Amino acid sequence: MTRNKKTENFSTSKTSTQTQRKEYPDMLLKIGRIIAVGMLDVSVGIIATILLADGMGIPLKWWYVVIGATLSIIIDISIIKKSLHYPSTILLVIVPSAYFVGFMTMWWLGIDRLSEHFRHLTYFVLLAEICLFAHFVHDSFGVGWGVKWLYPLSQKSFKLFCTKENEYEGDRVLIWWTEEELKVAIKKYGDPDWMSKYCMSPLFIIDILFCCGAIAMIVLRFFIFRL
């Protein structure tokens, strides 16, 4: 009885180990695909961080680049995506509210409006608006099922250059789905392997080009010219 129990435990443990070994490559592949899909957003965030700092005369620091890259993908975090993945909510309410709170706090502390603190506050608010807006634009074409640009006035999801079946079509500039249409379309035409297909599409080449541009700008700004 004891031997049979030990044999069962050993067999269960062995099966569990084998399952875990099989899951590791799949998990790494999934992580790699997610990174690949988010590469354009991160690259745009990095480029925007550097160009905006130059334009406003803000001394660039390495952690500004980290902030820009984070801002460009933060709305894809599942909790935020489920509740706040709307341009109107983030671009017209949350970010301006953060600026107002920061402005009032500095005013209460007696900080001069023309000081470096206010310039940096304005810089980061503008950076947030640019990175988040660029992310929503990116979500409006390519993969995915569009963006609710007119929320809360409308629940429609808008997307560029595609059909109602979510297939690319260059001649059709804009389409939209109602909530009911979107549920039916996702159930009928949704592709569970969309990441792999995206990584094999021409859009992925654009992602790589932006990524190379972002890396080049980092190398130039921080390692060669040290501006």
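The values are calculated or read from the model by the stated rules, or taken from the named source; none is laboratory data. As the structure is a prediction and not an experimental result, all values here were calculated from the model. Backbone-built Cβ (ideal geometry, glycine too); neighbour counts: all protein chains shown. Heads up: the accessible areas ignore ligands, DNA and RNA and are worked out on the full protein's heavy atoms, side chains in. Shrake-Rupley method; radii C 1.70, N 1.55, O 1.52, S 1.80 Å.
Is the range 196-205 home to any residue that is in a helix (DSSP H, G or I), more than 27 Å from ILE50 (Cβ to Cβ) and either among the aliphatic types (A, V, I, L, M) or under 20 Å from the mean Cα position of the chain (by Cα) (or both)? Yes - at least one qualifying residue is present in the range 196-205.
In this entry, ALA185 is excluded by the filter for residues that are open to solvent by less than 40 Å² (accessible area, probe 1.4 Å), aliphatic (A, V, I, L, M) and touching a helix residue (DSSP H, G or I) at 6+ places or on another chain (Cβ under 7 Å). Candidates ILE224, ILE208: the one that is free of Cβ contacts under 8 Å to residues at least 24 places away in the same chain and either open to solvent by less than 80 Å² (accessible area, probe 1.4 Å) or under 25 Å from VAL42 (Cβ atoms) (or both) is ILE224. Pick from the range 128-149 the residues that are among the charged types (D, E, K, R) and either closer than 15 Å to ILE186 by Cα or out of contact with any Phe, Trp or Tyr (no Cβ under 6 Å at 6 or more places or on another chain) (or both): which of them is least open to solvent (accessible area, probe 1.4 Å)? It comes out as ASP139. Could you tell me whether the range 150-161 includes any residue that is open to solvent by 50 Å² or more (accessible area, probe 1.4 Å), modelled with pLDDT of 85 or more, part of a helix (DSSP H, G or I) and hydrophobic (A, V, I, L, M, F, W, C)? No, the range 150-161 contains no residue that is open to solvent by 50 Å² or more (accessible area, probe 1.4 Å), modelled with pLDDT of 85 or more, part of a helix (DSSP H, G or I) and hydrophobic (A, V, I, L, M, F, W, C). Give the residues of the range 60-82 that are at pLDDT below 90 and more than 20 Å from CYS211 (Cβ to Cβ), sorted by residue number. If the condition is that a residue be at pLDDT below 90 and more than 20 Å from CYS211 (Cβ to Cβ), then ILE77, SER78, ILE79, ILE80, LYS81, LYS82 are the ones that fit.
Is it the case that the range 115-127 has a residue that's in contact with an Asp or Glu (Cβ under 9 Å, 6 or more places away or on another chain), in a helix (DSSP H, G or I), open to solvent by less than 50 Å² (accessible area, probe 1.4 Å) and of a type in the set (Phe, Trp, Tyr)? Yes, the range 115-127 has at least one match.
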